[in-house]
Each structure stands twice: as C-alpha cells, then as structure tokens.
1. Quick check on Ala191: is it touching a Ser or Thr at 6+ places or on another chain (Cβ under 9 Å), in a helix (DSSP H, G or I), open to solvent by less than 30 Å² (accessible area, probe 1.4 Å) and of a type in the set (A, V, I, L, M, F, W, C)?
2. Considering the stretch 129-152 alone, what residues qualify as being open to solvent by 10 Å² or more (accessible area, probe 1.4 Å), part of a helix (DSSP H, G or I), touching a residue at least 40 places away in the same chain (Cβ under 8 Å) and of a type outside the set (Lys, Arg)?
3. Please work out which one of (1) open to solvent by 50 Å² or more (accessible area, probe 1.4 Å); (2) more than 27 Å from Ile419 (Cα to Cα); (3) in contact with a Leu (Cβ under 9 Å, 6 or more places away or on another chain); (4) of a type outside the set (Val, Ile, Thr) is the condition Lys324 fails and give its number.
4. Looking only at helices (runs of 4 or more DSSP H) that lie completely in the stretch 303-352, which have at least 2 residues being under 26 Å from the mean Cα position of the chain (by Cα)?
5. List pairs: first in the stretch 339-356 and in contact (Cβ under 8 Å) with a residue 40 or more places away in the chain and of a type in the set (Val, Ile, Thr), second in a loop (DSSP other than H, G, I, E, B) and open to solvent by 10 Å² or more (accessible area, probe 1.4 Å), Cβ under 8 Å, 6+ apart or cross-chain?
6. Suppose we filter Lys203, Lys184, Lys210 for residues that are charged (D, E, K, R), surrounded by fewer than 18 Cβ atoms within 10 Å (Cβ to Cβ) and in contact with a helix residue (DSSP H, G or I) (Cβ under 6 Å, 6 or more places away or on another chain); which single one remains?
7. Kindly evaluate Asn470 against the criterion of being in contact with a helix residue (DSSP H, G or I) (Cβ under 6 Å, 6 or more places away or on another chain), touching a residue at least 24 places away in the same chain (Cβ under 8 Å) and under 29 Å from Tyr78 (Cβ atoms).
8. Show the residue pairs meeting these rules: Cβ distance below 9 Å; 6+ apart or different chains; first residue within the stretch 259-270 and open to solvent by less than 20 Å² (accessible area, probe 1.4 Å) and among the polar types (S, T, N, Q); second residue at pLDDT 90 or above and not in a loop (DSSP other than H, G, I, E, B).
Amino acid sequence: MFVKFFWKNVKLVVLLACSLVLSIILSGCPSTTTQAPEIQKVLSYAVSTDITSLDPVLLAESNPRLVSAQVMETLVGYDENLKLIPLLAQSWEPLKAGQEWRFKIRDGVFFHDDPCFKGTARKVVAADVIYSLQRMLDPKSKTLGAFTLSDVVQGANEFMEGKAKSVSGIVAEDDTTVLIKLTKPYAQLPARLSLAFASIIPKEAVDFYKEQWGSHPVGTGAFKFKSWNTGSGEITLDKNPKYWQQISTNLSGVTFKIIKSDATQLTNFVQGQLDVFEASPALANQVIDPSGKPQGQFAESQVIRPVTLITHYLGLNLKNSVVKDKNFRLALNYAVDKEKLIRTVLNGLAKPSNGVLAQSMLGADNKVVYAQDLEKAKQLLKTSEYKGQELLYMTDNSTTSIAVAEFLQSQFATIGVKIRIDKNPESVWIDKLVKGQYDIAKVYFGFDFPSPDNGFSQFVTANFPPGGNNFYFYSNEKFDALYSQSLKEIDPTKASGLFGQMNQIIRDDAPWVFLYSPERVIVERKGIEGLKVNSLSFSLILNDVKKS
C-alpha cells in the first residue's frame, strides 16, 4: 500500500527517490514484517534393525523400546544411575507386607493431542492404567508381555483364560489411585511396571487406529508421534509442547533412521547426516583407540560407554529331540572359544558370559563357565542323540550377528556339528523365535529392570510362548520352585542365595550356549550435549539434550 501511494503522488522520478523506495522495500514496513521462523533442531539417531510396531504389548526388543520410551510412559522408570523414579505415578507404597501396592497417579498429565480424541486431548486417569495393564495381559492383543504380571497379580490368569472379564487384582479406587493386589508378597512390582509392556495408553487411540495402532502410537511422553516413512522405516517425533514436567532440551524433535549397515551408519555420521550412532564392535576401533579415547576423524566427537546388562547367547529349542539331549547342549558349550570370539569378531568390546546374571546383581559370581575343551565336546557329542544332521541356526541379519554366526559355524564344525545359517529381518526373527521355528537361535537378553527375577522369568515353565518369553521351552521343577520362592523374598541376603542356586541350575542344564556381554560405544557429534543412557539396553534419555 505504501509503495503504490508513493508512485501515485510523485511526478518527478530521480535516482535518489528510487534509492529511497528500494530501501523501503528491503526494510519492509509494519504491515508486512514477519518474524524469522525458529530454527528446528532435530536429533538424528541411527537404529540398526527394522521396527515393525510400537504397540507396547509387542515391545520385546530394545530398538522399538528405544523409540517408544520417547512417546509413551510407564508408571515408574529408571534414571541414568538405575535409580527407580516416579513417572506417571507420583508415589507408591506397599501394603500388607508387599502383597498389595497402591499407586497415586500424577494429576494434570495429558495425552498427546491426536485425532483419536476428536477434540482436545484428555487427562490421564486411573482407568487408563487399568485398561493398559489388562490389555498387556489379554491374549487377544497378541501380547508378548503377559508374564510381567501373570504370575503375581490376583485374577490375572483367570482373565487370560477367559474366565473373567477383568483382572480382579487391579482396581481403581478413584480417578488418581490404583490398587494392585498380588497373590503373594513381591518387592519388585514397581520395577516390573517400568517395562515398556506396561506403558500407559488411551483406549481411544487403540479403537481409532485399530490395526494401524502400532504405527501411530499415542502417549504422554516428551515427544509425540509425527510420521513413519514406510519405505525407509524412518520414524520422526515432535517435541510435546504440553509435556507434564519441565525439561531443558532445545530439540524440536528426533528422527530415528533405520540404517542396518554398520559401515553406512559410520559414513553417514562422518558426512553429517547423523547426530548419534552406536558403533558396532567391528567398527569401534575406527572410532576409539585402545585406551577408549576418540581418534582420527572422530577426535572431536564424544563417546559414551555404559556398562551393559545384556547377555548374548544361543537359545536351544528343547522341542527338538537332538537339542533336548543335555550332552549335545553341553558339547556345543565346550566347543566355543569365547575369548577368541570376543577378540576376533567383537574387537575386544565384550566379556565372556558366565551365566544369566550380570556381575553387579544379587546371586552373581565370577565363576568361569564352559571354557573351550574340544576333546570333552567331542566325547559328549558321541554319547548324544546327534547323528550328523544339519541343524537350523536362526539369527537376525545385523552385521555383527552374521559375523558371530559364521564364527560359530566354524567352531561347531570342528567337533562335527553342521549348522545352516538362517538370516532374517528382525520382525521375522522375532516371529520365528516366538513360534519355535529354529533349532539354535542367536538371541540377546537385556535386563528390562535390574533385578535377577527379570532374567530368570524366561526359564519358568509357565512362561512358554505365546504369552511368555520362555522361547526355549525349558522346564525344571526345582527351578520353578526356587523362582516362586524368590518372588516373595524381601531379605536381600536370602534372595541372593536363591538367585545363586537358580543361576547354577541354568548353567548345569545349559538351555543356552553362553557367549558374551557386550560393551556399548555410543558416539555423538560435537555440539550435542546432555544425552544420557543407563545400563539398560533400551535407554535413551533426551530430556536435557541440547543441539548447537
């Protein structure tokens, strides 16, 4: 308007006037000025395997949990020091010597704004906790996490068997209070409720998205779902402007990029296309020198090396008549040179596994388990049911897993055992594991919460799939009895003794080939500050991350 008026009323045009007009146009005027948009700071994070669903009840693996934890929250969680902290439950207390637990739900927490609410998102209430926990127990949801509560909560098994419409032991006393009644005292219930399976979600979202719910999660987390590229698998989240707690991050969002090749992750990081990636053992020596200091083109990067609560092993399918033979399982264990595996395949970034428990846990010890003894392995094999047949070794298709498979194939051939390697995308690998479609399966177990019973639950007879995580179909009555006893033992000294006995039973029965516990090397570029992780395999704490 101003420029038009100027030209209409000025008869003489001179160079000075033109200059004046040009300066006015360039400088703008109050009616046309727009503020520069805020710079978007999106953290790009590499994930090495496919993610097929973010439905909490299906979150059995670490990479989907890594993403889901940013979107959906549980009642309690763990900080970077493995300290149990309140999340959606602001407090909790044991009643009746630990046989009942009362959780006070935090008031004023809202689910993410989402079309499923057909309006403004609503507050989280006790009914959402009831719905989420019952859905985790419901076989109709195809849950993999029912074991979280099935063995301790009153009425859980009746509900799972279709004998009851609800779980009698999970009760809403009012809109902000949930009472959970147990079949026996259990000190670790709050820790179990930190599992991703127990994420609190709105029923409206599950009903609205139906079969697509797993690819459009809705929760209460610091970040909310934005998009999922079905071609690349890339998942993008936006910062939640209505998050219930104050956080200091300056991120506007985070993008999880599915990059299966370790070498490609490294290249993308160097080229500036990634902010954070986890260096595989095969490539870690390019990032850090023998002392652990960043080197070469990574010299200005920062490296985080958390102590992990992860065990890699071969799960042995005891439904197979050959594998069921204990002498055969022992022969496989004695055939493996774990030190050589760690040195040649993992570049020294691991420690030999000596059981189910991590070293810092109650019941753990430093006993060496199954040092390589080829003569003993061959003798055991002769007395076993193995007659030279080829066995199916099922693994995911990550670079490291394939390298481990080829190493073990050679090791087993040394004693005369033939295996065929079956490489699968992670989604297929999980499906085959749950269905028992393997003879030998390369698996890793990361403690979901730092308590021994979390690891031991996968050997309990009652936890056979599909509802449980005993994917090896292992059963031992003495072990089951000790496990049940350990769940209600509050005295740490007595609990440690029980856990030690259970650990030794698994060592002796060898439903696994014990391999190694890895060290993680997480690399972040210069300008990324405040990223935190803990020893749990799926942890990624972004609340204080700043990107410059």
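1. Numbers: touching a Ser or Thr at 6+ places or on another chain (Cβ under 9 Å): yes; in a helix (DSSP H, G or I): yes; open to solvent by less than 30 Å² (accessible area, probe 1.4 Å): yes; of a type in the set (A, V, I, L, M, F, W, C): yes.
Against the criterion (touching a Ser or Thr at 6+ places or on another chain (Cβ under 9 Å), in a helix (DSSP H, G or I), open to solvent by less than 30 Å² (accessible area, probe 1.4 Å) and of a type in the set (A, V, I, L, M, F, W, C)), Ala191 qualifies.
2. Ile130, Tyr131, Pro139, Ser141, Phe147, Ser150
3. In the conditions (1) open to solvent by 50 Å² or more (accessible area, probe 1.4 Å); (2) more than 27 Å from Ile419 (Cα to Cα); (3) in contact with a Leu (Cβ under 9 Å, 6 or more places away or on another chain); (4) of a type outside the set (Val, Ile, Thr), Lys324 misses (2) alone.
4. Passing ranges, in order: 338-344.
5. Ile342/Gly348; Ile342/Leu349; Val345/Pro281; Val345/Ala282
6. Numbers: Lys184 fails: in contact with a helix residue (DSSP H, G or I) (Cβ under 6 Å, 6 or more places away or on another chain); Lys210 fails: in contact with a helix residue (DSSP H, G or I) (Cβ under 6 Å, 6 or more places away or on another chain).
On inspection, the qualifying residue turns out to be Lys203.
7. The answer is no for Asn470.
8. Close Cβ pairs (under 9 Å, with a partner that is at pLDDT 90 or above and not in a loop (DSSP other than H, G, I, E, B)) amount to Gln265/Ala46; Gln265/Lys257; Gln265/Phe277; Gln265/Glu278.
The values are calculated or read from the model by the stated rules, or taken from the named source; none is laboratory data. Bear in mind that the values here come from a model prediction, so they are computed numbers and not experimental data. Using ideal geometry, Cβ is built from the backbone for each residue, glycine included, and neighbour counts are taken over all protein chains shown. Note: accessible area is taken over every heavy atom of the protein model, side chains too, but ligands, DNA and RNA are not part of it. Shrake-Rupley method; radii C 1.70, N 1.55, O 1.52, S 1.80 Å.
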